[in-house]
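Report on the following structure.
Values quoted throughout were computed directly from the atomic coordinates according to the rules given, and no laboratory measurement underlies them. Just so we're clear, the structure is a prediction, and the values are computed from it rather than from any experiment. For neighbour counting, all protein chains shown are included, and Cβ atoms are generated from backbone atoms with ideal geometry for every residue, glycine included.
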Amino acid sequence: MLGDGTVRGREIYDPGSNGWYWLDSVYNGAKAENKEVWIPYIYQQEAGWSNDEIMNNAAASGTMSGQVENAIRGHYGKWVRYDSSGAMAKEWYYVTGDQVFYYPDQVGSIYYYDWKTGLMAKGNTSIGGQTYHFNEVTGVRDGMMDAITVDGSNLPSHVVNAMDYGAIPNDDTDDGERINDAIKAAIALGKNTVYVPAGRYVINTFPGIMIAGCTGINLIMDPNTVLDVQGNDRTNYNVITLMNSSKINIVGGQIAGERYKHTGTGGEWGMGISMYGCTDVTISYCDVRANWGDGIYIGYNLEGVGCNKITLRHCYVADNRRTNISIVKGDNVTIDYCNIQITDNPGSVAPRAGINIEPDTKDGVTPTLHTIRIWNTVVDSPKAGDYWGQFMCFRNQDYSYVSPSTVSCDDVEVSNCTFRGDFGNYSGNNFRIINSTVTGTLYCKNATQLFNVKGRVYPLGWY
Ligand SMILES: [Ca+2]
């Protein structure tokens, strides 16, 4: 046996369905379904093959023959995916529809698998005369899927339906606590996914939807699920709170904030989604609009522990009163394929940014946030050239009042982005901007590395 030498199961070919199946030794030979499996070889019989046999078999894969040959020669093995019938996924594969319930962290992603071996495509691959690029590690194709679909009519057994716990759409009764009941039930039942079907749900802001002290919870909403936040006078709340939790996926849904229904005047901390001290969180295909404070807030818990490994993907974040996305304490934060709209509607408060990196200074010390990625993202601002750093598509805060050497963020990559407005790197180190456009002004520390950036650069220190 090749690869790592471990036998975890066996591939079986069924001529009736023309599919390859996997009998999973981990589960006493049960057929793998809706599952990714690592197989430590490409073909079970490849050990001892002659060069001709390797070349002939690789050639049969056509468009992926190079990748298959490399895998055979390198004994790399393969990740393959088995679909809901247990058949091996072949060719194009979209994580949408019911697959949302099985791969919530991959929602909206596009993959390609070799038609013969099921090998996942990576790197540049020519398919049907067109070359596509797939991530070298994850196999996810570059490019955006327009929308997800969720068919909640036949839920998998690991999914709890919030409607079974009293959440009723479109009836003007409160649903927040009922959704919380569904989350608690999912944990108690040893399930891990809560589904909220399409419709309008009434959410009061206290305590809002809470995921606290949890590991491995998925909150999946239909794209047409609207969390209708009720007007209130609180200075401080979250519609969804993630606290001290890990492996959390929030998929779909729309948070319709109460900015225009707010009855108080104080505070700026009514957030859409806030996370504190969380690890491994992915939020995808979520609309977060018109909140009293920030749209999405990434911060620290009561012990001062920040967040780590946070991904926002395919989110639409718009018209939030303070800032659309705030990163106060988080490492390994990725914002990918997001669309962010800053507005100048009445009552907006500073800094009115698209994305703002603003670690809190305590006792004269400002923490540095590490490894921020902003990819494939568009930010629109209604204004540009604001002397005080307002309405900026992206900014990290200017900490020169603390000390000129303060570094708010280190190892930042901005790639394939469009910023219709200003951009400010005031306090970041190892900061690179690649293949991007800034239509306003790029307020730029000298150390900022620019590669194919269209925009007017203003070296910092000018004011
Ligand atoms: Ca209701």
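Using the Cα gyration tensor of the chain, with a ≥ b ≥ c the square roots of its eigenvalues, what is the shape: rounded (a/c below 1.5), prolate (a/b larger than b/c) or oblate (neither)? Here the chain falls in the oblate category. Taking the square roots of five times each eigenvalue of the Cα gyration tensor of segment 10-141, the equivalent ellipsoid has semi-axes of 23, 20, 12 Å, listed largest first.
Rounded to the nearest 0.05, the FRET efficiency derived from the C-beta distance between ASP410 and GLN449 at R0 = 22 Å is 0.95. Segment 97-250 has equivalent-ellipsoid semi-axes of 35, 16, 16 Å, by the square roots of 5 times the alpha carbon gyration tensor eigenvalues, sorted largest first.
Taking other C-beta atoms within 10 angstrom as a stand-in for reagent exposure, VAL402, VAL288, VAL159 fall in the order VAL402, VAL159, VAL288, fewest first. ASN170 sits among other residues whose Cβ lies under 11 Å from its own Cβ, and their net charge, with Lys and Arg +1 and Asp and Glu -1, is -3. Think of the chain as a dipole: +1 on every Lys or Arg Cβ, -1 on every Asp or Glu Cβ, centred on the Cα centre; then among GLY97, TYR285, VAL365, VAL365 lies furthest on the positive end.
When the Cα atoms of segment 160-222 are enclosed in a convex hull and the volume is divided per residue, what value in Å³ results?
Each residue corresponds to 68 Å³ of Cα convex hull volume.
Charge tally for PHE134 (other residues, Cβ to Cβ under 10 Å; Lys, Arg +1; Asp, Glu -1): 0. The residues packed around THR437, meaning those with a beta-carbon under 14 Å from its beta-carbon, carry a net charge of +1 if Lys and Arg are +1 and Asp and Glu are -1. Note: relative contact order over the chain, using C-alpha pairs below 8 Å and six or more positions apart, is 7 percent.
Between LYS31 and VAL457, the contour length at 0.36 nm per residue exceeds the alpha carbon distance by 147.6 nm. Cβ-to-Cβ counts within 10 Å put VAL80, VAL438, VAL349 in ascending order as VAL349, VAL80, VAL438, the fewest first. Computed from label points 7 Å out along Cα-Cβ, the spacing between VAL365 and ALA350 is 2.7 nm. Against the chain, whose longest principal axis is taken from its Cα atoms, helix 65-74 shows a tilt of about 80°. Taking other C-beta atoms within 10 Å as the exposure proxy, ILE209, ILE255, ILE12 rank ILE12, ILE209, ILE255 from fewest upward.
Rounded to the nearest 20 debye, the dipole magnitude of the chain is 720 debye, with +1 charges on Lys and Arg beta carbons, -1 on Asp and Glu beta carbons, and the Cα centre as origin. From its DSSP helices (H runs of at least four residues, each -39,500 (n - 2.57)), the chain gives a residue-normalised ellipticity at 222 nm of -2000 deg cm²/dmol.
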